[in-house]
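Where a number appears in this text, it was derived from the coordinates with a stated rule and is not lab data. Here the structure is a predicted model, which is why all the values come from computation and not from measurement. Don't worry about glycine lacking a Cβ; one is built from the backbone with ideal geometry, like all the others, and counts go over all protein chains shown.
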Amino acid sequence: MTREYIIDFFKPLTHETKGIEGWLNVSAPPEVFERLSRIEREPLTKVQLNQLLLLSLEAGISDDFFEYYWLLEPIHTYHVKKVDDFRQGFIGQNSIISLEHLRWGLRRIYIDSLLYFGSIKHGFKELKTKSHSQLTNFFKSKSIPTDIIKKRGRPLEFIEIAKDERYLISEMACKTYGETPKTASDLKNFLIEGYQAAKSAGFTQVKIKDLFDKDFGKNHRQKHQASLGLLQFSADEIVEEIINSEKDIEDRYQIVAEKFLNSRSAALKNTELYLSLVNDLDVYVATSMRTRKDFREMADACETIFKDTRLRDLHLRYFDPTITAADGHEDKGLIECLMVKCAKVLVYCAGEKESYGKDAEAAMALSLGKPVIFYCNPQTRADFYKSVHPLSRLIDFTTGVAVGVIVTEKIQDVSELLSRIFENKMEYELEQSKPGYYKLKEKLTGSIIRIQTNFELLSKSFWTYYHSKHEIN
């Protein structure tokens, strides 16, 4: 096993620098390569590993750290056996038995450092001297309490709202129906005025859709131009109906308005139920719904994701935006901020158009260090969300760790990812795209969820000043 072979073998993890990232590069002392060349005949002990690290001007590690990262399969925040290079024969050994074994432990150290400390150097410094109990407790604090989640029981049942009627709980619908079905609203006034204009133009029978699409005179459509789209949204259920009189309008409006009242009453009650279990909320679903079709598709998506058999035992409590409402947009904003803060994971459902609301919710979740999954159906631009969208990478405001979204076009992936997150079985892979520029990727989708830049001035400035407190003079 030559020096060149060993350098090439560890090339994905090392580069020319000082510290843990550089101890196996071309500048490493010859003693390092000479000892590693015999590793399969003479397994590497912790004492000898420390000597090699110190000869490379890197500090040594504790006995428990050595055991935790090379000799055990600990309960962890992700699936350690799925980390590249793993072999079952590593577990239970007293020493490191191969180069693959050494690289497996290094990969785990790098992954943990990027996940929770923002840089490999900082993570290694914080972890290398910890005891087994300290390591266990630290990663337990970062883990999802899966057993508790499975045992906690079911919440109170939400009130069911028919999928085809959920669009009626939207703020747009609230603006066009009155407080009660008998209250005159903008929509009813628009329809009656439109029919009167049609009659004046010689039409006694018209389709409701025509009142939106055609101009029958008297400046009817121009008068309502600013709210035309809003009104048409609220009339979606009756646009194909044919009317012969103002009574026909009253009758059809009354049916939809009663549905609105019932749906809204149920949605307001559901919001109260969500607020009552906010402390146990698991997943917040962020989306924007502009049409009746949007509401229907979002309801179907939630059903597909959360009724998946892989999530059955978890009984996840998720915030379904298609069955909740608030008395006003101010309360709605406060409720949604609270839900994002309390949820453990955010699922962002991308649509054909951008929305400030759902983008802000995703940004809040990322800034809180929470896992964020972007589901983009095949009609949306997954590559844009994965590589270009400004929310693709933000930072956890508490720790300064760079965090990224997980992007997929497959709805089945969303269920699988939620299962992995809540079972602490996520799978990651490391990539060094340029010397010193590390990317931590989620394996299923290839999404970059952590980065370490090789821009030294940026890194130095960031970590020097991020946690500093500035006083205003």
* Structure fact -> In terms of the alpha carbon gyration tensor, root eigenvalues a ≥ b ≥ c, rounded if a/c is under 1.5 and otherwise prolate when a/b exceeds b/c or oblate, region 89-135 is oblate
* To do: Using the structure shown, list the pairs from 341/425; 151/441; 151/370; 344/425; 121/358 with a Cα-Cα distance above 27 Å, or answer none.
  => 151/441; 121/358
* To do: Under a cut-off of 26 Å between alpha-carbon atoms, report the lysines in cross-link reach of residue 207, not counting same-chain residues fewer than 8 places apart.
  => 163, 175, 182, 188, 199, 218, 223, 247, 259, 293
* Structure fact -> Under the rule rounded for a/c under 1.5, else prolate if a/b exceeds b/c, else oblate, using alpha carbon gyration tensor axes a ≥ b ≥ c, region 289-341 is classed as oblate
* Asked: Among bridges DSSP assigns within the chain, what percent are antiparallel (round to 5)?
  -> 55 percent
* Residue separation times 0.36 nm, minus the C-alpha to C-alpha distance between residue 454 and residue 82: what's the value? -> 131.2 nm
* Structure fact -> Which of (1) 1.02; (2) 1.13; (3) 0.95 gives Rg/Rh (Cα atoms, Kirkwood Rh) as computed here? It is (2)
* To do: Compute the Cα gyration tensor for region 40-104, then decide on rounded, prolate or oblate, letting a ≥ b ≥ c be the square roots of its eigenvalues: rounded whenever a/c is under 1.5, prolate when a/b is larger than b/c in the other cases, and oblate in all that remain.
  => prolate
* For region 3-143: Kirkwood Rh in Å [reciprocal of mean 1/r, alpha carbons] -> 15.2 Å
* By how many nm would the segment from residue 245 to residue 356 grow when fully extended, if each residue of separation counts as 0.36 nm and the alpha-carbon distance is taken off? -> 35.8 nm
* Straight-line reach from residue 434: which lysines have a Cα under 16 Å away, not including same-chain ones fewer than 8 places off? -> 11
* How big is region 277-423 in terms of Cα radius of gyration and Dmax, in angstroms? -> 14.4, 41
* Asked: For region 77-82, in order, what is each residue's ³J(HN,Hα) by Karplus, 6.51 cos²θ - 1.76 cosθ + 1.60 with θ = phi - 60°, in whole Hz (x at glycine and Pro)?
  -> 7, 8, 7, 5, 6, 8
* Asked: Which ³J(HN,Hα) values, rounded to whole Hz and listed in residue order, are derived for region 25-36 from phi using the Karplus coefficients 6.51, -1.76 and 1.60 in 6.51 cos²θ - 1.76 cosθ + 1.60 with θ = phi - 60°, glycine and proline given as x?
  -> 8, 5, 8, 5, x, x, 4, 4, 5, 4, 6, 5
* **region 38-55 versus region 256-306: alpha-carbon centroid distance in Å** => 58 Å
* Distance from the Cα centre of region 314-358 to that of region 415-473, in angstrom? -> 25 Å
* For residue 290 paired with residue 312, estimate the spin-label separation in nm (one decimal), with each label point 7 Å from Cα along the Cα-to-Cβ line. => 3.9 nm
* To do: Could you line up 38, 107 from fewest to most neighbouring Cβ atoms inside 10 Å?
  => 38, 107
* For the pair residue 277 and residue 160, how long in nm is the line joining their label points, each one 7 Å along Cα→Cβ? -> 1.7 nm
* Structure fact -> By the DSSP-based rule, helices of the chain that are at least 18 Å long along the axis (C-alpha) and have a mean Kyte score of at least -0.5 are 99-116, 186-200, 329-342
* Quote the relative contact order of region 3-143 in percent (integer), defining contacts as alpha-carbon pairs under 8 Å separated by 6+ residues. => 24 percent
* **Computed [θ] at 222 nm, helices only, for the chain once each DSSP H run of length n ≥ 4 contributes -39500 (n - 2.57)** => -13000 deg cm²/dmol
